[in-house]
Amino acid sequence: MATGVVVAVLERSVGPVAWGLAGAIVGHLVGLLALQLGLLVGAIALRARLHRVVIGVGTRVKDWTTPRRVVVLRAVPLFLSVSVGPGIAPARRRMWGAALCSMAAGVVTAAVVVLQAFASPSGFWTGLAVACVITVGHAFVPRKTAASTSTGWLVFKLPALTGVRAQQLDAAPLVGQTVDAAQEGKLDLAADLAARLRDEYPALRTATAARVLVLQAQGRYAEAMMVAMTIVEDREQTPAEAAVAFAALGGLACATVEAGQLDAEIGLGTAATAIENATTLGYPQHKLNGTRALHELLSGNTSRAISLARLAADSGDDRLGRADDLATLGRAHMTAGDNRAARTALAEAEKLVPWWPRVATLRSRLDIA
């Protein structure tokens, strides 16, 4: 009773429009949380591959990173972000089931909020209900971009996939084993599995991408770049797939130049074009900060490289990607003559992947220095 009086007084003083906007913000967050919690529970229950769980936004507070999964807690716990992909067979059925759990959680939450809005009519609850319903409904629209895949796409489009994209899901268990072996530093096993992928799925883009990762883990950047070009040149890929391919090629071209395996003028030109193409095709610009940082470093713009590499390392959640960005940061500090800062970046990278070629190379250079 007392709470109702307080709300009524506040509504009169603040105004129904302001309370409606406040409710809309809360409703949007509630809808997103319900969808992501449903996806998380579904993935765990059905044993879909759970790549990443990020709680909140802002500064990284704590992370529990393993070769197979990244769990990150950030400073402002407003959002939950869950990344699910194909894993053990039947991969498609497990992913579809996890998405169905997400959809169910969204529908139930929206229904509860709407009922509450009818039971306690006010500007706040009306805004909350409307925003929650719109957020959940928008998630049901099938769409797949370079940055994300909607619940609706997983529920309505995934079961009907045929041809090459269905074959990618069939190959997912072997691809996953290859990626896991590379992430864990078991390079002999990763190489054997990559050879199997080459023999069994010679033209499959996910299998080819796994082979590129293994070659990078071995420090064979020039070979990795040649294999990656076959993905970029695929004329049947969607714009979203092409955006990811160009983004990967940009970083790989820079790393190949850094390793002395490619002429700088050719490699940096290729990287610049790849970055531009990825951005044009919709790849999120902030996810290219690490590649831009290395490109700036190799182009002689050290201060710009430091700022971009720090941004990339702070915002990124992928284990190997963060180690790469920290290696770039360490190299940039070293180029600027600040070996102390370079060692700090190196220590952070070595906590993640001490054997990664760019991290190990930075250690060697600092030991000599």
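The values are calculated or read from the model by the stated rules, or taken from the named source; none is laboratory data. Computed from a prediction, not measured in an experiment: that's the story for all the values here. Here the Cβ positions follow ideal geometry from the backbone for every residue, glycine too, while neighbour counts run over all protein chains shown. Remember, those area values only see protein heavy atoms, side chains included, never the ligands or the DNA or RNA. Shrake-Rupley method; radii C 1.70, N 1.55, O 1.52, S 1.80 Å.
Tabulated results
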quantity	calculated
Residue in segment 219-234 that is farthest from the chain's Cα centre (by Cα), counting only those that are open to solvent by less than 40 Å² (accessible area, probe 1.4 Å) and among the hydrophobic types (A, V, I, L, M, F, W, C)	222
Residue match in segment 19-39 (condition: without any contact (Cβ under 8 Å) to a residue 24 or more places away in the chain, open to solvent by 40 Å² or more (accessible area, probe 1.4 Å) and either of a type outside the set (Lys, Arg) or under 25 Å from residue 132 (Cα atoms) (or both))	no
Residue in segment 235-243 that is surrounded by fewer than 20 Cβ atoms within 10 Å (Cβ to Cβ), over 23 Å from the mean Cα position of the chain (by Cα) and over 21 Å from residue 324 (Cα atoms) present	yes
Residues of segment 346-369 that turn out to be free of Cβ contacts under 8 Å to residues at least 24 places away in the same chain and under 23 Å from the mean Cα position of the chain (by Cα), as a count	4
Condition check for residue 207: open to solvent by less than 30 Å² (accessible area, probe 1.4 Å) and either closer than 22 Å to residue 145 by Cα or not in a loop (DSSP other than H, G, I, E, B) (or both)	yes
Criterion (surrounded by fewer than 23 Cβ atoms within 10 Å (Cβ to Cβ) and in contact (Cβ under 8 Å) with a residue 24 or more places away in the chain) met by exactly one of 261, 285	261
Hits in segment 297-329 - residues which are more than 23 Å from the chain's Cα centre (by Cα), part of a helix (DSSP H, G or I) and of a type outside the set (Lys, Arg)	297, 298, 302, 303
Residue check for residue 306: within 21 Å of residue 59 (Cα to Cα) and either open to solvent by less than 50 Å² (accessible area, probe 1.4 Å) or β-branched (Val, Ile, Thr) (or both)	yes
Single unsatisfied condition, residue 265 versus (1) under 21 Å from residue 358 (Cα atoms); (2) in a helix (DSSP H, G or I); (3) in contact with a Phe, Trp or Tyr (Cβ under 8 Å, 6 or more places away or on another chain)	(3)
Sole exception among (1) farther than 27 Å from residue 183 by Cα; (2) open to solvent by less than 50 Å² (accessible area, probe 1.4 Å) for residue 275, by number	(1)
Boolean, residue 200 is open to solvent by 30 Å² or more (accessible area, probe 1.4 Å) and under 25 Å from residue 298 (Cβ atoms)	no
Every residue from segment 53-68 that is more than 26 Å from residue 157 (Cα to Cα) and either among the basic types (Lys, Arg) or assigned to a strand (DSSP E or B) (or both)	55, 56, 57, 58, 59, 60, 61, 62, 63, 64, 65, 68
Which listed residue is free of Cβ contacts under 8 Å to residues at least 12 places away in the same chain and hydrophobic (A, V, I, L, M, F, W, C), from 171, 160, 166	160
Whichever residue in segment 98-126 is among the small types (Gly, Ala, Ser) and touching a Pro at 6+ places or on another chain (Cβ under 9 Å) and, among such residues, is nearest to residue 21 (Cα to Cα)	123
Residue under evaluation residue 237, criteria (1) within 24 Å of residue 285 (Cβ to Cβ); (2) free of Cβ contacts under 8 Å to residues at least 24 places away in the same chain, criterion not met	(2)
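So that you can scan it fast, the table gives a plain yes or no per residue for (1) over 28 Å from residue 181 (Cα atoms); (2) basic (Lys, Arg); (3) touching a Leu at 6+ places or on another chain (Cβ under 9 Å):
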residue: 270; (1), (2), (3): yes, no, yes
residue: 279; (1), (2), (3): yes, no, yes
residue: 285; (1), (2), (3): yes, no, no
residue: 290; (1), (2), (3): no, no, yes
residue: 299; (1), (2), (3): yes, no, yes
residue: 302; (1), (2), (3): yes, no, no
residue: 307; (1), (2), (3): yes, no, no
residue: 315; (1), (2), (3): no, no, no
residue: 319; (1), (2), (3): no, yes, yes
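Okay, residues lined up against (1) more than 13 Å from residue 159 (Cβ to Cβ); (2) of a type in the set (D, E, K, R); (3) crowded, with 17+ Cβ neighbours inside 10 Å:
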position: 89; (1), (2), (3): yes, no, no
position: 92; (1), (2), (3): no, yes, yes
position: 96; (1), (2), (3): no, no, yes
position: 101; (1), (2), (3): yes, no, yes
position: 105; (1), (2), (3): yes, no, yes
position: 109; (1), (2), (3): yes, no, yes
position: 115; (1), (2), (3): yes, no, no
position: 122; (1), (2), (3): yes, no, yes
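Let's see how each residue does on (1) touching a Cys at 6+ places or on another chain (Cβ under 7 Å); (2) open to solvent by 20 Å² or more (accessible area, probe 1.4 Å); (3) of a type outside the set (Val, Ile, Thr); (4) assigned to a loop (DSSP other than H, G, I, E, B):
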| residue | (1), (2), (3), (4) |
| --- | --- |
| 134 | no, yes, no, no |
| 141 | no, yes, no, yes |
| 147 | no, yes, yes, yes |
| 152 | no, no, yes, no |
| 155 | no, no, no, no |
| 165 | no, yes, yes, no |
| 176 | no, no, yes, no |
| 179 | no, yes, no, no |
| 182 | no, no, yes, no |
